[in-house]
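Below is one structure, written out as structure tokens, with a few remarks after it.
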Ligand SMILES: [Zn+2]
């Protein structure tokens, strides 16, 4: 841990805490837009941990997890280390109920960013230069897509040993290996030798109680693991680890009804749902291609051939 933690020109010393507003840009109305940052430091040395949400502005579960964590007051009582909590990275997306910034660019494909680039690139640059250099590791809270819900899960890059340690301590119901995407926050973090894990749960623009509880409990378990707090809730269910995952895609277009959903165990060949034409000209069963667990599913009933229906984790490893 660095003794001097400095964010956007503000120095935060051991034992101090503060709330900052990192300037990003302005709306067309002239209203300034800031990224809220809350910093908590113990007097004792320990890891500096980033907890961030809202990289995609409509992924509200992550924002709610950080909000509840801040409300709990736990961060003010840590016995060692530092916490940087950021409920909304992409304020533009949040106020527009949108994943992206207003020009349609995805902040999480715009890293490391550029202060003179497009809006997404400015947001990314702020994270790359003001936040990443100050942390040891981070957990970035996301959700599934529009109408595609994810069972609470944590993802990290396979060979990242620190991320594996943190993910085990977090103890989400599901843990997956996932490759780093070009232009993502995780890619820039890796280039700076920082570990960032992604938590995923629920879907966009819909609060999911289980996801919020699992996210909050996971944060507490990580803080307990690093001796920053004394107590944390036990995991509610067995932690499962998947080496691989695959999507089951629609064989035909039509009305989709799922019979199984996220979190459930499935056997190869089991029928997970049905797709029928509205006039009953045809009806097909969608069967699981593997034996595993459903880690995400599509709630949208109108389906085109090729649409993703179920995300299934498999190749489970022993804990
Ligand atoms: Zn996301």
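Looking at region 17-36, which of its residues are assigned to a strand (DSSP E or B) and within 12 Å of residue 91 (Cβ to Cβ)? Selection gives 21, 22, 23, 24, 25, 26, 32, 33, 34, 35, 36.
Of all residues in region 236-246, one or more are over 30 Å from residue 49 (Cα atoms) and outside any loop (DSSP other than H, G, I, E, B).
Of the residues 82, 42, 76, the single one that is in the same structural domain as residue 136 (by TED's automatic domain parsing), more than 24 Å from residue 209 (Cα to Cα), away from the ligand (no atom under 16 Å from the Cβ) and surrounded by 24 or more Cβ atoms within 10 Å (Cβ to Cβ) is 82. Could you look through region 106-149, keep only residues that are within 14 Å of the ligand (Cβ to nearest atom) and in a loop (DSSP other than H, G, I, E, B), and pick out the one that is surrounded by the most Cβ atoms within 10 Å (Cβ to Cβ)? Per the criteria, the residue is 143.
Just to be sure before I move on: is residue 201 within 16 Å of the ligand (Cβ to nearest atom) and touching a helix residue (DSSP H, G or I) at 6+ places or on another chain (Cβ under 9 Å) in the structure I sent? It is true that residue 201 is within 16 Å of the ligand (Cβ to nearest atom) and touching a helix residue (DSSP H, G or I) at 6+ places or on another chain (Cβ under 9 Å).
Out of 287, 280, one residue alone is farther than 20 Å from residue 314 by Cβ and more than 19 Å from the chain's Cα centre (by Cα). It is 280.
The values are calculated or read from the model by the stated rules, or taken from the named source; none is laboratory data. Bear in mind that the values here come from a model prediction, so they are computed numbers and not experimental data. FYI the Cβ positions are ideal-geometry reconstructions off the backbone, even for glycines, and counts take in every protein chain you see.
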